[in-house]
Structures are given as C-alpha cells and as structure tokens.
Amino acid sequence: MVKIINTISRIIVGCLFIFSGLVKLNDPYGTAFKLEEYFHVFSADFGSFFEVFTPYSLFLSIAIVGLEVILGIALLLNYRMKQTTWILLLLIVFFTFLTFYSFYFDKVKECGCFGTLIVLTPKQSFIKDLILLFFILIIFFLGRNQVSVFNTLKGDLLMLIVSFVTFYTGYHAANHLPYFDLLNFKVGNNIPQLMKAEETPKYKFILSKGGKEFEFLQENYPSDTSYKFVRYELLNKDTTKLVPKIIGFNVDSDEGDKTKEILTGKRLLITIPDVNKAFKNCEGGCVEKLRNLITQSEKMGFSPVILTEPGSSDVMEAFRHELQLAVPYYFMDDVILKMMVRSNPGILVLKDGTVLEKWHYNDIPDSDKLKMLQK
C-alpha cells in the first residue's frame, strides 16, 4: 500500500513538474518578466538587495524552469531519490513562499506557474502549491530510500542528456521566439478585433411592486417609476468574454494618439521595450539586416515605425543616430511591447491590424520574406 501511494505521488508530481516546466521553457522571457516583478516587489518590501538579481532574470528563468523538467523526469525514473527529493522539497517550499506572499499581501497578481497557457490567481496558485507540497512530503518520507535501475552510470548519462536538451530548449526559445505563440499577438490575430469584448453584458433586473417581484431584461426595463429596484443579475455565463483579450494597446507620440494609424494599412513595427538593452543586443550584428529590412519594406509599401517605452526620447534619439535608423518612433507601454514580440528589438508586420509575421532580432529575414507577405 505504501509503495502504491508513493508511486501515485511520484507520477502526479513528476507529470505536473514536466508539464509546467515545458510550458514555461516554451517562453522563458515570460518567466523572466515574472521574476523581475518579484524582485521589484521584494526590493520595495525588504531592501534594494534584490535588484541585484534583475539583470540575471532570464538566466534564472531558464535555470529554475529547466530544473522543474529535470526533477519531473528524475521522479518518474526514480532516479537518485535521496538527492532528487531534497531538491524537490526545497524548490516547492520556495514556490509556496512566493505564491503565499503574492496571495496574502496581494503583491503579484499572477504567479506564472503555467506560463500564459493557464492563468491562475495567487490564491489558486497557493492552493496548488500546498497540494503539491503534500504529495512531495509523501515522496520525501516514503520514497527517498528507494533504489532504481537508473542509479548507475547509464542513469547519470541519461539525465545528463535530459539536462542538456532541457536547457538548450530554453536557450533556443530565448534567442529566437517561442516554439508555440500563446499570446494574443500571434500570427493571424487581428488586434482591433481582440481589443473588443466578445460579448456585451446582459442583465436581468428584479423589481418589486405591490409586494410582488417582477423580472425584466434590459430592453424591457419599465418606465413606470412605481417599481422599486431590488437587485440585478448578470446573464452572461462566461464572464471572460466580457473583457477584451487585448487591453492597453495605446500608441502615443508628441503629436498625439497614433493607435488608429498603427492599426491601418501595412506596417513594419520595430518593438523596443528597453532601449538600453536593445543597444546591447544589436551589437551582435543585426543592425545591417534591420536597416536592409526597413529599406525594402518602404519600397513594398510597408510603413516602418519604432515603438518604444515612454520617457525614452533622448535615449531613442541616440539609438537611431548610432544605428542610423531613419524611422519615426512612437511610445507604448513596455508591458504590451514585451507581449507583442518576445524580442528586444522585435519585428512585427501588420496589415490593417492583422499580424502577418513576427521575428526575433536574431532571425531578421531578407526582402524575399516580405514579398511573400504581399501576396
């Protein structure tokens, strides 16, 4: 019976860790941004020491998420359980602290436990971690002394290969784009459409008159003032459809709002959430390709525009001058910019607000790709 309980616990925890890790390895920047959010919160609450970790958020993201996958596989293989269970216990205690802190002090609204695939509230995340902690404690006390056929040199070699593949998967996704785009700006999506809610709120009103209650829909609301309001009920079953999938897509410039302009016609958008980081990233040799893409895009009728974080005018002027990019620039919230393309700088092609293509700065294409998008 003990063996069965331990085996079931291993399978549940192992599969969940692998699933959670793979979802986040698909988009390491998503976890990195979440870590940065935690570092900022901890800096404000406990001291500026935590800001030291901010520049290493991407590295920590791949390391922590990769460890999730490796531990999950190690559990399923029953690999070196003494070491595995200790690391697993320390990791889940760390995760539980983060989710408790987010939930109890209302600091971080989403934990990012399953990336952007499954969004959990801090309370849901904390409960999930408590359940995981329960199963991990079972494994820790009942299964850490179990011996496996993988506790050999062959097992070590297998886990070494697993570790290499896991970390390379995250590294590749970080230096290109996610393997599967789970965000609202993926290719094929129409941004203006997603800025609107799928449904409008529909209400049922309960009014009273003469000691009796009556129900009315919005369109049948009585003009008779003798009715007294009692309450109202929302009729929409799926409340998520009442909220637009894209919120906060606002483009500004010194001349005013440019949102409608950006979402009209053919556009080549260069997204720069952080100008200083873009400077550093462009040192790798993407500048010439970017210049060529801008030149060719103008010939094909695509209007190039740089979208960057507010308050970066001086730095952006220096950036354009240094890289010789004769392109107008507008301002946008950096959170939206990070969601549009997981790259800094990133390239996104629009036609009347529909995303035709997007590229990482390491994958800037030649003009032939733009010609294909014209068809």
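The values are calculated or read from the model by the stated rules, or taken from the named source; none is laboratory data. Computed from a prediction, not measured in an experiment: that's the story for all the values here. Note: ideal-geometry Cβ built from the backbone for every residue, glycine included; neighbour counts use all protein chains shown.
Data for the structure
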item: Residue pairs meeting the criteria (Cβ under 9 Å; at least 6 apart or on separate chains; first closer than 20 Å to T116 by Cα, in the stretch 1-22; second assigned to a helix (DSSP H, G or I) and among the aromatic types (F, W, Y)); result: L16/F135
item: In the stretch 126-149, the residues that are surrounded by 17 or more Cβ atoms within 10 Å (Cβ to Cβ) and at pLDDT below 90; result: L142, G143, R144
item: Selected residue [surrounded by 22 or more Cβ atoms within 10 Å (Cβ to Cβ), in contact with a strand residue (DSSP E or B) (Cβ under 9 Å, 6 or more places away or on another chain) and at negative phi] from V69, V65, V23; result: V23
item: Those strands (runs of 3 or more DSSP E) lying entirely in the stretch 254-348 with at least 1 residues farther than 26 Å from P178 by Cβ and over 26 Å from the mean Cα position of the chain (by Cα); result: 303-308
item: Candidates K123, K82 - the one that is assigned to a helix (DSSP H, G or I), without any contact (Cβ under 8 Å) to a residue 60 or more places away in the chain, of a type in the set (D, E, K, R) and in the same structural domain as V162 (by TED's automatic domain parsing); result: K123
item: Conditions (1) over 25 Å from the mean Cα position of the chain (by Cα); (2) over 29 Å from L153 (Cβ atoms); (3) polar (S, T, N, Q): number failed by T85; result: (2)
item: Residues of the stretch 226-282 satisfying the condition of being of a type in the set (A, V, I, L, M, F, W, C) and surrounded by fewer than 18 Cβ atoms within 10 Å (Cβ to Cβ); result: F229, V230, L234, L235, L242, V243, I247, F279
item: Some residue of the stretch 276-285 being without any contact (Cβ under 8 Å) to a residue 12 or more places away in the chain, of a type outside the set (F, W, Y), out of contact with any Pro (no Cβ under 8 Å at 6 or more places or on another chain) and more than 19 Å from V315 (Cα to Cα); result: yes
item: Identity of the residue in the stretch 333-350, at pLDDT 95 or above and closer than 15 Å to V305 by Cα, that ends up surrounded by the most Cβ atoms within 10 Å (Cβ to Cβ); result: V341
